[in-house]
Amino acid sequence: MSGSINYISCGLLWIGLLAKLPYLVRHGSEPSLRAINGVLAFASLCFLFGAPASVKLINQVSGIPNLAAPVTYASITAYSAALLIMIACWRGGPSLRRTTRSSIYGYAAVLVGIAALFVLGDASEERRSDFDTYYATAPWISEMVVLYLVANLAAVMVSAVWSLRWGFEAEVRRRPWLRASLLTIGTGTVISSGYSISKLVAVTARWTGRDWAVLGTSIPPLCAGLGALLTVVGVLLPMAGHHLSAWRDFLRLAPLDAVLDPVLKDRALRVERPRSPFLWGTWRWSTIHNGLMAIETLYDETLYDGMFEAELERSGDWRAATSAAWAATIAAAVARGTQPVPEPAGAPARLSHPRDAESLVRIADAVKRAERGVRITKPGPATARSV
């Protein structure tokens, strides 16, 4: 993997970190958010310190031959621990604290071991690309190499098992973005294991008197680069999915927003749209919620029941019927203005509109269908009142 690819990958990860920085500032106490940022940060350092030019610079500036090796190993080890903690945070459960503590303490011990073994060993001849295999038989240095490779292999294999096993569970299949994220992370970590496996094979070959240096220098960068790329993509997928869903809802809620526009303007309930497009979905949802709250006392229960029964008879779809009934009831309430619907004595509680985004999107779709000419024609009694 060339240095330019390393630096490009590092830059893209830093952009991702900057994009998540506001969330980290506002919600810094959330363990999963800290873990995600840790994965992105340490992955970027792996790419940065692993570039040939960075290796040369670290060694020259420090005046210590091969210092770049333990520095890179430390970043890989920290990345491995952050990945384990992130997946554990996503999964949650009573074992989260224990898993987090075990990962932190275990990999902190690995970091201390890497530093101690490098100090004890003798790596006076600079090796920028084949450090692992060249010093595979050197006292203390060989132990350092094996320590970080085994620690990294253990982390990626555990992460792969957790991600893939969880990704195929039934409950996750109903959450497509999370499932795609877990399967992508699982695939990336399986590929990443090739980094440690190939280097361990090359190191073992040196112990038996064979020279398989090419195995330790050619295959590992490819496995590390592709594996890290897929893993980071998997880490970012839930965030991307959240924003894409929010933008989709922003567009799909437009018809309902337009129906409520007279109320929002007359009662000065429409706030200015935020500059960040990442907030547009939330802005439209809250605006619609304000408008619905303003006309809540104007809902006509008889109209709702009649429209629901007519649409249910026409389509046979309960959700479509409730959405169409709410669309008609909301439009009538807006048209009614400020005159509340008279209630007979002993009448039940008034209708309460849905508040979740999914239900509001279905109502907006019903509004759009009505605008295209799909009208409800047979009113009658009914009882269903929620989407």
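The values are calculated or read from the model by the stated rules, or taken from the named source; none is laboratory data. Remember, predicted model here, so these are calculated numbers, not experimental data. Please note that ligands, DNA and RNA were not included when accessible areas were found on the heavy atoms of the full protein model with its side chains. Shrake-Rupley method; radii C 1.70, N 1.55, O 1.52, S 1.80 Å.
Hey, what's region 263-336 come to in accessible area per residue, 1.4 Å probe, Å²?
Accessible area per residue, region 263-336: 49 Å².
Cross-link partners among aspartates and glutamates for LYS20, C-alpha distance below 20 Å, same-chain residues fewer than 8 apart left out?
GLU30
Can you list the aspartates and glutamates whose alpha carbon sits under 16 Å from that of LYS265, skipping same-chain ones fewer than 8 residues off?
Filter leaves ASP257.
Cross-link candidates for LYS56: which aspartates and glutamates have Cα within less than 12 Å, leaving aside residues fewer than 8 places away along the same chain?
Correct list for LYS56: GLU126.
Using Cα pairs closer than 8 Å and at least 6 residues apart in sequence, work out the relative contact order for the chain, in percent.
11
Can you put GLU301, GLU272, GLU143, GLU358 in order of accessible area, largest first, using a 1.4 Å probe?
GLU272, GLU358, GLU143, GLU301
On a 1.4 Å probe surface of the protein chains, which of ASP317, ASP257 comes out largest in accessible area, and what is the full order?
In descending accessible area the options line up as ASP317, ASP257.
Scattering from the C-alpha atoms of region 19-106 alone, worked out with Debye: what is log10 I(q)/I(0) at q = 0.13 1/Å?
Log10 I(q)/I(0), no solvent term: -0.52.
Name the long-range amide H neighbours of TYR135: under 5 Å, sequence gap of 5 or more, or other chain; modelled H, no Pro or chain starts.
Excluding prolines and chain starts, which carry no amide H, there are no hits.
Solvent-accessible area per residue for region 58-135 at a 1.4 Å probe radius, Å²?
Accessible area per residue, region 58-135: 48 Å².
At 37 °C and 0.692 mPa s, grab the translational diffusion coefficient of the chain from Stokes-Einstein with a Kirkwood Rh over Cα pairs, rounded to a whole number in µm² per second.
132
Could you check how much of the accessible area of the chain is carbon and sulfur, as a whole percent, using a 1.4 Å probe?
For the chain, the apolar C and S fraction of the accessible surface comes to 64 percent.
How large is ³J(HN,Hα), in whole Hz, for each residue of region 209-218 in order, when computed from phi with the Karplus curve 6.51 cos²θ - 1.76 cosθ + 1.60 and θ = phi - 60°, using x for Gly and Pro?
x, 9, 10, 10, 4, 4, 5, x, 10, 9
Helix by helix through the chain, keep the DSSP H runs that span 20 Å or more along the axis on Cα and average at least -0.5 on Kyte-Doolittle, and give those back in order.
Once both thresholds are applied, what remains is 3-26, 31-50, 68-91, 96-120, 141-167, 176-207, 219-252, 280-294, 318-336, 357-371.
Can you list residues whose amide H is under 5 Å from HIS353's amide H, if they're 5+ apart or on another chain and H is modeled 1.01 Å from N?
none
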